[in-house]
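J.: Okay, here's the structure, questions in a sec.
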Amino acid sequence: MYILETKDLYFSYPDGTEVLKGINFKAKKGEMIALLGPNGVGKTTLFLHFNGILRPTKGEVLLKGKPIRYDKKSLLEVRRTVGIVFQNPDDQIFAPTVKDDVAFGPLNLGLPKEEVEKRVKEALKAVGLEGVEDKPPHHLSGGQKKRVAIAGILAMNPEVMILDEPTAGLDPLGASKIMKLLYNLNKKGITIIISTHDVDLVPVYADRVYIMYDGKILKEGKTKDVFKDVETLRKANLRLPRVSHLLEILNKKDNIPLDLGFTIGEARRELKKVICGGKYEV
């Protein structure tokens, strides 16, 4: 059984703009999935269906095999299970202090004060923000704000965490730190689903990939299999990871037979086979 699934999902905004066009998406418990696509293809709109913020025009969203219901009580349970971290943390962080912001969700669940304090402490520790509990969030860096937003979701003890462009606006080091944090949370059992157009990070972390374009899923599968489909990547206005592009050029322009590698480690192994084989001068 899939923990999260959509079946033939369609969605149009009130002005008639059709954004989602028959989306079929599946996530197993414990997976880390990347939804790849350029801006404006419907990734954020799809994510807003995953915990009931938006309701499909047609089709359905299933959580643990059961269709989502849209009454208040049912949606509260959905949002306990599926948490969303928005692209801009300023859209999500509003309390005067970090600890107040992280405590907001658990307090709304009606949990005892002691349990709320425990969850806040554990969530801030998990994201590496111990010691900033009393700071105003607007005094923090962009990367720290992302971590506060993630901590606010973690304090709800979700089974699924959805992150819309989690590395947007961050420098390379900050982006790497956020992805490592998500990787570690995933290893603890949380299902992680991210949207991104950063193809260099995805092969390092994601188990499976969906490619989205013009409101449709063009391809899905294991990360390596999807990235080998260069034609579909480029049809979706995406590129190969930089290291893969280098291997592709060596293959096509220098007639060096190399399999595509998608991480530095994979590229190193491919190049080492050629160099150590003594067939080419280096």
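J.: Given the conditions (1) more than 24 Å from Thr6 (Cα to Cα); (2) in the same structural domain as Thr44 (by TED's automatic domain parsing), which single one is not true for Leu250?
T.: (2)
J.: Scan segment 139-175 for residues that are part of a helix (DSSP H, G or I) and in contact (Cβ under 8 Å) with a residue 12 or more places away in the chain and report the count.
T.: Residues flagged as part of a helix (DSSP H, G or I) and in contact (Cβ under 8 Å) with a residue 12 or more places away in the chain within segment 139-175 amount to 15.
J.: Counting just the residues of segment 97-138 that are β-branched (Val, Ile, Thr) and either within 25 Å of the chain's Cα centre (by Cα) or part of a helix (DSSP H, G or I) (or both), which one comes out surrounded by the most Cβ atoms within 10 Å (Cβ to Cβ)?
T.: Val102
J.: Mind checking which residues of segment 187-216 are farther than 24 Å from Thr45 by Cβ and either of a type outside the set (D, E, K, R) or crowded, with 16+ Cβ neighbours inside 10 Å (or both)?
T.: Within segment 187-216, Gly189, Asp200, Pro203, Val204 qualify.
J.: Looking at Leu260, Leu182, can you tell me which residue is modelled with pLDDT under 90, of a type in the set (A, V, I, L, M, F, W, C) and either out of contact with any Gly (no Cβ under 6 Å at 6 or more places or on another chain) or closer than 30 Å to Pro158 by Cα (or both)?
T.: Selected residue: Leu260, the only one of Leu260, Leu182 that is modelled with pLDDT under 90, of a type in the set (A, V, I, L, M, F, W, C) and either out of contact with any Gly (no Cβ under 6 Å at 6 or more places or on another chain) or closer than 30 Å to Pro158 by Cα (or both).
J.: Please go through segment 75-96 and pick out each residue that is of a type outside the set (D, E, K, R) and exposed (fewer than 15 other Cβ atoms within 10 Å of the Cβ).
T.: Listed by number, the residues that qualify are Leu76, Phe94, Pro96.
The values are calculated or read from the model by the stated rules, or taken from the named source; none is laboratory data. Computed from a predicted model, the values in this text were never measured in an experiment. Every residue, glycine among them, receives a Cβ derived from its backbone with ideal geometry; neighbour counts consider all protein chains shown.
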